[in-house]
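The structure appears below as structure tokens.
Each reported figure results from applying straightforward, stated rules to the coordinates on display, with no laboratory input. Computed from a predicted model, the values in this text were never measured in an experiment. So basically every Cβ, Gly included, is an ideal-geometry build from the backbone, and we count neighbours across all protein chains shown.
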Amino acid sequence: MKAFNYKKVHRDKSYTSVMPEGHSYVLMDVKDLSEYIRYKISYIYSLVHQGKIPYHKPNGKKLFFFKHEIDRWILGAKVRSIDEIQGDYKKQKQNKE
């Protein structure tokens, strides 16, 4: 099993050990995540319940979130611009011809 370099975002406590690959991860609980993305805690629980946000629940109790997963989740919710949509449409139209 890999050891993680856990670092709390907004708190004094930090849990550190290094993964063999040298990667480190920032681990957040619900309160940390709320401060990071500025969503209400109740809304975060709603997103978890709906399965719309990546989370981890070891031992079936407390929720944890990895910052890099949250960053990817936020970046994955990009709304395409009209130019991007038109460009995709033109490419599809050319491929059909």
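Listed values for region 78-84 are Karplus-derived 3J(HN,Hα) couplings in whole Hz (6.51 cos²θ - 1.76 cosθ + 1.60, θ = phi - 60°), namely 5, 8, 6, 7, 4, 4, 5, and x replaces Gly and Pro. Using the Cα coordinates of region 29-96, the gyration tensor eigenvalues translate into equivalent-ellipsoid semi-axes of 35, 13, 10 Å, sorted from longest to shortest.
Scalar couplings 3J(HN,Hα) for region 33-47, obtained by applying the Karplus form with A = 6.51, B = -1.76, C = 1.60 to θ = phi - 60°, are 5, 4, 5, 6, 9, 6, 9, 5, 4, 4, 5, 4, 4, 5, 4 Hz; x denotes Gly and Pro. Using a Förster radius of 30 Å, what is the FRET efficiency between Lys52 and Tyr89 based on their Cβ-Cβ separation? Nearest 0.05, please. Once the sixth-power term is evaluated, E becomes 0.60.
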